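Before we start, here is the structure in question, set down as structure tokens.
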Amino acid sequence: MLQGSNLECIRGDRVLFSGINFSIKPGELMQVRGPNGSGKTSLLRMLCGLAVPNSGEIRWNSSNIRSLGEDYFNIVTYLGHLSGVKDDLTAIENLRITSALAGIEIDEKKASKVLQEMGLEGRETLLAKVLSQGQKRRVALARLLLARTKLWILDEPLTALDISAIELIKKILEQYLAQGGMVILTTHQEIDIAATATHQLYLS
Amino acid sequence: MPPQRRINYTFLNMLIWIIRRDLLLAMRRQADVLTTLFFFIIVVSLFPLGVGPEMNTLRIMAPGVVWVAALLASMLSLGRIFSTDYLDGTLEQILLSPTSLSLLVLGKMFSHWLVTGVPLVLMAPVLGIQYDLPANALFVLTLSLLLGTPILSLIGAIGAALTLGLRGGGVLVSLLVLPLYIPVLIFGAGAVEASIAGLGFEAHFSLLGAFLLVSLVFAPWTTAASLRISVG
């Protein structure tokens with residue numbers, strides 16, 4: 001269970017948000033909403049442990065994520081709005097390296113199978129710089145099919161994706177939630193994902 | 001104990017992954033690598049032309065010139081250690097890796113040295129000939145660079161991590177890192193001077209070795225902490 005209590009974020013001398021409370025349990029989805037610049041990305045970066053909240057606490061099963069250290073990174077998968085896809089590597093190399101960094105080593109065969117599932121058949125050995133924005137996004141999202149973590153934090157996962165890819169992501173997320181995963185995501189698109197419970201968090 | 005062994009194995013695997021990745025990227029973008037090497041070659045080769053064919057003067061200048069050029073060449077490439085990863089978001093993934101960040105950073109430092117340091121070491125004896133260095137001085141020069149350039153990569157990475165994402169980071173990184181480079185310069189060049197003068201150079205090498213060991217222990221850890229601050 002992930003719990004945030006009284007989270008506050010200050011940028012310069014401006015308070016982006018304060019007094020944010022939430023808790024999500026296995027199988028639940030939390031959508032973070034709010035206009036541009038309301039601090040959605042800052043919140044997600046705090047939740048995955050990249051940034052530290054100015055005040056308040058984030059707890060995973062009642063222990064502070066700061067005290068969990070690198071163990072917390074075995075629990076969470078974060079996909080930022082920068083997709084983390086290297087232009088000078090092929091789709092396969094990108095996927096193999098990002099998964100290896102997350103602690104999952106796969107061979108080329110497995111990598112190309114996963115990429116095909118993401119609808120990148122025939123593009124596996126192309127350098128990422130010749131792929132379109134949407135295709136790069138698919139390469140980044142392919143990681144989710146391999147992740148064995150309990151919590152996914154996705155920052156605008158649907159940007160640049162076409163309708164069929166959005167359907168695919170929806171299916172992946174629903175399957176993951178049904179298996180007891182937890183998802184926190186931000187999106188400007190309306191997407192209806194089936195979950196045991198869907199929380200909405202509004203930042204203004 | 002089997003579990004212990006497994007952990008070590010994955011640690012080593014991770015190190016190999018990150019080094020392979022950086023070398024692959026360096027191969028795909030050779031211009032970046034060659035810039036450093038060409039800078040070194042050009043600076044070192046220009047001095048004999050500018051000073052003139054005065055063998056005695058050249059021999060005295062050689063260690064200092066080669067070492068200063070190596071230092072500047074290494075500094076030229078510091079910005080690239082983390083900045084590209086920072087810009088495309090891979091650095092976030094590295095920071096969120098369940099493996100020890102210090103280890104990954106060590107891997108990045110090592111590949112930086114392989115890509116920028118080792119070519120300098122290999123070119124140094126060839127360039128030293130222009131300064132009429134005797135064979136044993138060329139040998140000592142190469143050896144001193146072999147010991148010294150990893151220190152430059154290790155210390156430089158701390159500066160690169162601290163200035164990540166800042167405007168004018170290039171100037172700042174030189175200001176941060178240069179004071180720490182100076183001992184390496186003094187003892188690196190000093191070893192070669194001593195060998196030209198026919199004195200023992202072992203003391204210089206011992207000190208360089210000590211610098212290397214100390215930075216090998218502290219630099220990855222410091223860099224990891226700096227990265228967390230810069231990105232967070």
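The values are calculated or read from the model by the stated rules, or taken from the named source; none is laboratory data. The shown structure was predicted, so the numbers you read here are calculated from the model rather than taken from an experiment. Using ideal geometry, Cβ is built from the backbone for each residue, glycine included, and neighbour counts are taken over all protein chains shown. Quick note on the areas: whole protein, heavy atoms, side chains included, nothing else; ligands and nucleic acids left out. Shrake-Rupley method; radii C 1.70, N 1.55, O 1.52, S 1.80 Å.
So what's the convex hull volume per residue for the Cα atoms of segment B:87-154, in Å³?
Details: hull volume 5.9 nm³, N = 68.
Normalising the Cα hull of segment B:87-154 by residue number yields 87 Å³.
Let me know the mean shielding of A:72-78 by other chains, meaning the per-residue number of their Cβ atoms within 10 Å of its Cβ.
Counting Cβ atoms of other protein chains within 10 Å of each residue's Cβ and averaging gives 3.
Let me ask another. Under a GNM of chain B (C-alpha, springs under 10 Å), which listed residue has the highest mean-square fluctuation: B:Pro179, B:Pro63, B:Pro150?
The residue that fluctuates most here is B:Pro179.
Oh, and also: Chains B and A: buried accessible surface, both sides, probe 1.4 Å, rounded to 100 Å²?
Working: alone 12010 and 10380 Å², together 19750 Å².
For B against A, buried area totals roughly 2600 Å².
Given the Cα-Cα distance of B:Asn136 and B:Ala197 and 0.36 nm per residue of separation, how much length would full extension add, in nm?
Result for the pair: 20.8 nm of gain on full extension.
Oh, and also: Run through segment A:148-204 and list the trypsin sites (Lys or Arg not before Pro) located in a DSSP loop whose Cβ has at most 13 other Cβ atoms within 10 Å.
Working: sites: A:Arg148, A:Lys150, A:Lys170, A:Lys171; in loops: A:Arg148, A:Lys150.
Here the sparse-neighbourhood loop sites are A:Arg148.
Right, something else. Give me the Kirkwood hydrodynamic radius of chain A, using the inverse of the mean 1/r over all pairs of distinct Cα atoms, in Å to one decimal.
The answer is 17.5 Å.
Still on this structure: Just in segment B:11-72: which trypsin sites (Lys or Arg not before Pro) are loop by DSSP and have at most 11 other Cβ atoms within 10 Å?
Hits after loop and neighbour filter: nothing returned.
Which whole-number percentage describes the relative contact order of segment B:120-188, with Cα contacts under 8 Å and a sequence gap of 6 or more?
On the way: 37 pairs, mean separation 21.2, N = 69.
Computed over segment B:120-188, the figure is 31 percent.
Using square roots of five times the C-alpha gyration tensor eigenvalues, list the equivalent-ellipsoid semi-axes of the protein assembly as shown in whole Å, biggest first.
Semi-axes (√(5λ), whole Å): 48, 22, 19.
I'd like the projected area of segment A:86-148, averaged over all directions, using the convex hull of its alpha carbons. Report it in nm² with one decimal.
That works out to 3.6 nm².
Please arrange A:Arg14, A:Arg33 by accessible surface area, largest first, computed with a 1.4 Å probe and ligands excluded.
Ranking A:Arg14, A:Arg33 by accessible area, largest first, yields A:Arg14, A:Arg33.
Compute the angle between helix B:2-28 and the longest alpha-carbon principal axis of chain B, please, reported from 0 to 90 degrees and rounded to the nearest 10.
Roughly 60 degrees between the two axes.
Same structure again: Relative to the longest principal axis of chain B, what angle (0 to 90°, nearest 10) does the C-alpha long axis of helix B:30-51 take?
Here the helix axis deviates by roughly 20 degrees.
Right, here's the next one. Suppose all protein chains stay in the model; what accessible area per residue would a 1.4 Å probe give for the protein assembly as shown, in Å²?
Counting only protein heavy atoms, the per-residue value for the protein assembly as shown is 45 Å².
Let me ask something else about it. Sticking with the crude label model, points 7 Å out along Cα→Cβ, report the distance from A:Leu82 to A:Asn21 in nm, one decimal please.
Spacing of the two 7 Å Cα→Cβ label points: 3.5 nm.
How high is the relative contact order of segment A:86-148? Use alpha-carbon pairs under 8 Å, at least six apart in sequence, and give a whole percent.
46 percent
Also: Sequence gap at least 6, Cα distance under 8 Å: using those rules, report the relative contact order of segment B:11-231 to the nearest whole percent. Can you show the working numbers first?
On the way: 256 pairs, mean separation 58.0, N = 221.
RCO, segment B:11-231: 26 percent.
Pop a pseudo-label 7 angstrom from the Cα along the beta-carbon direction at both A:Thr196 and A:Arg148 and give the gap in nm to one decimal.
About 2.2 nm separates the two model spin labels.
Mind giving me the nanometre distance, one decimal, between the label points for B:Thr57 and A:Ser67, set 7 Å out from Cα along Cα→Cβ?
In this crude label model, B:Thr57 to A:Ser67 measures out at 6.9 nm.
Quote to one decimal, in nm, the extra length available between B:Ser45 and B:Arg167 on full extension: 0.36 nm per residue of separation minus the C-alpha distance between them. Before the final figure, lay out the partial values.
On the way: separation 122, 0.36 × 122 = 43.92 nm, distance 3.29 nm.
Separation in residues times 0.36 nm, less the Cα-Cα distance, equals 40.6 nm.
Can I ask one more? Along the three principal axes, how long is segment B:11-231 when you take its alpha carbons, biggest first, rounded to the nearest angstrom?
56, 33, 30 Å, listed from the longest principal axis down.
A further question on this structure: How large is the Kirkwood hydrodynamic radius of segment B:34-134, in angstrom, based on all distinct alpha carbon pairs?
One decimal place: 15.4 Å for the Kirkwood radius.
What residue among A:Ile24, A:Ile163, A:Ile184 has the largest mean-square fluctuation in a Gaussian network model of chain A, using Cα springs under 10 Å?
A:Ile163
With springs connecting C-alpha atoms under 10 Å apart, model chain A as a Gaussian network and identify which of A:Gln116, A:Gln133, A:Gln189 has the largest mean-square fluctuation.
Greatest mean-square fluctuation among the candidates belongs to A:Gln189.
May I pose another question? Could you name the lysines whose alpha carbon sits less than 23 Å from that of A:Lys110, not counting residues in the same chain fewer than 8 places away?
A:Lys110 reaches A:Lys86, A:Lys129, A:Lys136, A:Lys150, A:Lys170, A:Lys171.
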